[in-house]
1. So for the pair SER10, ALA62, with labels modelled 7 Å out along Cα→Cβ, what separation do we get in nm?
2. Quick one: if you take sqrt(5λ) for each eigenvalue of the C-alpha gyration tensor of the chain, what semi-axes come out, biggest first, whole angstrom?
3. Net charge near VAL11: determine it from the other residues with C-beta under 10 Å of the C-beta of VAL11, scoring Lys and Arg +1 and Asp and Glu -1.
4. Cut-off is 10 Å between beta-carbons; in what order do ILE41, ILE6 appear when sorted fewest neighbours first?
5. Expressed as an acute angle from 0 to 90° and rounded to the nearest 10, what is the orientation of the C-alpha long axis of helix 11-34 relative to the principal long axis of the chain?
6. When the helix-only estimate is applied to the chain (DSSP H runs of n ≥ 4, each -39,500 (n - 2.57), divided by the residue count), what is the mean residue ellipticity at 222 nm, nearest 500 deg cm²/dmol?
Amino acid sequence: MKQQEITKLSVEDVKSRLADFSEQLSKMKLTHSVAPMENPIQIRMVRKTIARLHTELTKREAQA
């Protein structure tokens with residue numbers, strides 16, 4: 001998910017996506033620890049998306 005897409009979302013959407021991606025990350029980590037994933041770079045991509053969502057949420061709370 002790119003930053004441009006994130007800025008178009010509402011605050012509730014950002015929070016729901018953040019929860020979804022956090023859940024997805026924990027599942028991916030567990031799966032990867034049991035058996036190596038084909039593409040472990042996906043973990044890094046999800047982690048960066050979570051960071052982008054956190055940043056956008058913090059930025060919006062600071063403006064309010």
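Every number in this text was worked out from the coordinates using simple rules, so none of it is lab data. Keep in mind that this is a model prediction, so the values were computed, not measured. Because the Cβ atoms are built from the backbone with ideal geometry, glycine has one as well, and the counts that use them run over all protein chains shown.
1. 2.5 nm
2. 26, 11, 8
3. It works out to a net charge of -2.
4. ILE41, ILE6
5. Result, in degrees: 10.
6. Value at 222 nm, helices only, nearest 500: -27500 deg cm²/dmol.
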